[in-house]
Amino acid sequence: MKKILFSIILLLSINTISNAQAWDGKGDTKINVGYEFYSYYSVNAIDDTRNGVSTSIDYGIAENFSIGTGVNYNIKYENFYFNLRSDYHFQNLFELSSNFDVYAGADIGLNSYYSNTFDFGLHVGTRFMFTDVVGIYLEIGNRGNVGLSYNF
C-alpha cells in the first residue's frame with residue numbers, strides 16, 4: 001500500500017512540476033524573497049560587498065512586460081532601498097520551458113544610506129518554478145539577489 005501511495009504522490013508531483021509557470025504574461029504576479037549578496041550603488045560608484053534581505057513583487061501588465069516594487073535591507077549598514085521596477089520577460093521570445101524564465105529590467109528608488117537620495121539600477125534575472133507556487137530566482141546587476149519566488 002505504501003508503494004502505491006508513494007507512486008501516486010510521485011506522479012502528481014511530476015505533473016505539478018511540468019505545469020509550473022515561471023511567467024504567464026498579463027496578470028501574472030510573482031513575489032521574490034531572498035538574500036542580497038552584493039550591491040553597487042550608482043550614487044557614489046562604490047562597489048561594496050553587503051549582506052541583506054531583498055523582497056520584490058512583479059505584476060504582468062502585458063505578454064512580456066511586468067512592473068513592480070521592491071525593498072532591500074542592508075544588515076551591515078542598516079539602510080533601506082525602496083524601488084519601483086520594470087522587467088521584460090524573454091520566455092516567449094526564446095521559447096523557453098514554461099517553468100523557466102529569463103528577464104531583464106531596471107529599477108529606480110530611494111536609498112536611505114545616502115540621505116534618502118534617488119538611486120537606480122539595472123538587472124538580469126532568471127526564475128525556475130518547481131511547482132505552481134514555489135520556485136527559485138537569481139538576479140545580478142547593481143544588486144545581486146538569490147532566493148525563493150512565489151506565484152500568486
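Laboratory data are not the source of any read-out in this text; all were calculated from the coordinates shown. What you see is a predicted model; the values in this text were computed from it and never measured. Using ideal geometry, Cβ is built from the backbone for each residue, glycine included, and neighbour counts are taken over all protein chains shown.
Residues Leu122, Leu96, arranged from fewest to most other Cβ atoms within 10 angstrom of their Cβ, appear as Leu122, Leu96.
Amide H to amide H, with H built 1.01 Å from N, Phe37 comes under 5 Å of Gly144, Asn145, Val146, counting only residues 5 or more places away or on other chains. Computed on the Cα trace of the range 79-152, the radius of gyration divided by the Kirkwood hydrodynamic radius gives Rg/Rh = 1.05.
Mind checking the dipole of the range 71-124: about its Cα centre, +1 per Lys or Arg Cβ, -1 per Asp or Glu Cβ, Debye to the nearest 20?
Details: 2 positive and 6 negative charges, 32 e Å.
Roughly 160 debye for the range 71-124.
Length available on full extension from Phe118 to Ala106: 0.36 nm per residue minus the Cα-Cα distance, which gives 3.0 nm. Shown in residue order for the range 20-26 are the 3J(HN,Hα) couplings computed by the Karplus curve 6.51 cos²θ - 1.76 cosθ + 1.60 at θ = phi - 60°: 5, 10, 6, 8, 10, x, 4 Hz (x for Gly and Pro).
What is the order of Ser56, Ser97, Ser115, fewest Cβ neighbours within 10 Å to most? Mind dumping the intermediate values first?
Numbers: Ser56 24, Ser97 13, Ser115 7.
Sorted ascending by nearby Cβ count, the order is Ser115, Ser97, Ser56.
State the three equivalent ellipsoid semi-axes of the range 29-152, derived from the C-alpha gyration tensor as the square roots of 5 times its eigenvalues, in descending order and whole Å.
Working: eigenvalues 129, 42, 29 Å².
Three semi-axes, in Å: 25, 14, 12.
Using the Karplus relation 6.51 cos²θ - 1.76 cosθ + 1.60 with θ = phi - 60°, the per-residue 3J(HN,Hα) values for the range 96-112 come to 7, 4, 5, 9, 10, 9, 10, 9, 9, x, 9, 9, 9, x, 9, 10, 6 Hz, with x marking Gly and Pro.
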